[in-house]
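Visitor: Please read through the structure below; I'll follow up with questions.
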Amino acid sequence: MKMLKFFLVVIILVVGVQFADAQVYKFQTTGFSVMEKMEKGGWSNWSKLEKSEMIITLDTKKDRIVVYSQEVQLYKILKYRDKEESATDIVQAFDCQDNDGELFTISIITRKNQSNRKQLYINQKNVVISYNIITVK
């Protein structure tokens, strides 16, 4: 009986630690801009910043990023890169894969010299989308 209680306590502790370690971060977009790859290989200029009010979640338990746009975009996180910090920015990047199997990078950048403004960049093969985001609690 003591052994059963011991294993039960161990299982509860292990499950509790897993829940404590994983988190869901929620962001709301305030605007977005797009840059597209041109036929000759260069990149276009950024589009005009458009107003946007969507929710984006970063779920470290399920290893995914979800953009709740008109068509929900689900990105699987394959690798969490080390945080990089410079004098002007803090960058947290993720190697991701979309539903079509395409590999690309998503980055959350905090602009230190712009009152810690946050941006999320989805860097795909032929398009880069930049969202201005705020953290939702």
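The values are calculated or read from the model by the stated rules, or taken from the named source; none is laboratory data. Model, not experiment: these values are computed from the prediction. Please note: Cβ atoms are built from the backbone with ideal geometry, for glycine as well, and neighbour counts cover all protein chains shown.
Visitor: Does residue 64 meet the test of being under 12 Å from the mean Cα position of the chain (by Cα) and at pLDDT 95 or above? Step through it out loud before you land on a result.
Guide: Working: under 12 Å from the mean Cα position of the chain (by Cα): yes; at pLDDT 95 or above: yes.
Taking the combined requirement at face value, the residue satisfies it.
Visitor: May I pose another question? May I ask you to verify whether residue 70 is surrounded by 11 or more Cβ atoms within 10 Å (Cβ to Cβ) and either over 15 Å from residue 25 (Cα atoms) or of a type outside the set (Gly, Ala, Ser) (or both)?
Guide: no
Visitor: Now a separate question. Given the residues 86, 47, which is the only one that is of a type in the set (Ser, Thr, Tyr) and in contact with a strand residue (DSSP E or B) (Cβ under 6 Å, 6 or more places away or on another chain)? Steps first, please.
Guide: Values: 86 fails: in contact with a strand residue (DSSP E or B) (Cβ under 6 Å, 6 or more places away or on another chain).
Of 86, 47, the one residue that is of a type in the set (Ser, Thr, Tyr) and in contact with a strand residue (DSSP E or B) (Cβ under 6 Å, 6 or more places away or on another chain) is 47.
Visitor: Okay, moving on. Assess whether residue 88 counts as being exposed (fewer than 14 other Cβ atoms within 10 Å of the Cβ), in contact (Cβ under 8 Å) with a residue 12 or more places away in the chain and β-branched (Val, Ile, Thr). Step through it out loud before you land on a result.
Guide: On the way: exposed (fewer than 14 other Cβ atoms within 10 Å of the Cβ): yes; in contact (Cβ under 8 Å) with a residue 12 or more places away in the chain: yes; β-branched (Val, Ile, Thr): yes.
Against the criterion (exposed (fewer than 14 other Cβ atoms within 10 Å of the Cβ), in contact (Cβ under 8 Å) with a residue 12 or more places away in the chain and β-branched (Val, Ile, Thr)), residue 88 qualifies.
Visitor: In the stretch 62-77, is there at least one residue being farther than 18 Å from residue 136 by Cβ, hydrophobic (A, V, I, L, M, F, W, C) and in contact (Cβ under 8 Å) with a residue 40 or more places away in the chain?
Guide: No, the stretch 62-77 has no match at all.
Visitor: I'm trying to understand the selection: among the residues of the stretch 26-63, which are over 18 Å from residue 121 (Cβ atoms) and small (Gly, Ala, Ser)?
Guide: 41, 42
Visitor: Can you find even one residue in the stretch 107-125 that is modelled with pLDDT of 95 or more, surrounded by fewer than 15 Cβ atoms within 10 Å (Cβ to Cβ) and under 13 Å from the mean Cα position of the chain (by Cα)?
Guide: Checking the stretch 107-125: not a single residue is modelled with pLDDT of 95 or more, surrounded by fewer than 15 Cβ atoms within 10 Å (Cβ to Cβ) and under 13 Å from the mean Cα position of the chain (by Cα).
Visitor: If you go through the stretch 35-48 one residue at a time, do you hit one that is at pLDDT 95 or above, charged (D, E, K, R) and farther than 24 Å from residue 95 by Cα?
Guide: Among the residues of the stretch 35-48, at least one is at pLDDT 95 or above, charged (D, E, K, R) and farther than 24 Å from residue 95 by Cα, which makes the answer yes.
Visitor: Hey, can you tell me all the residues within the stretch 90-113 that are assigned to a strand (DSSP E or B), within 21 Å of residue 29 (Cβ to Cβ) and not aliphatic (A, V, I, L, M)?
Guide: Quick first cut of the stretch 90-113, residues assigned to a strand (DSSP E or B) only: 90-97, 103-111.
Next, only the ones that are within 21 Å of residue 29 (Cβ to Cβ) stay: 90-94, 96, 104-111.
Hits for the stretch 90-113 are 92, 94, 96, 104, 105, 107, 110, 111.
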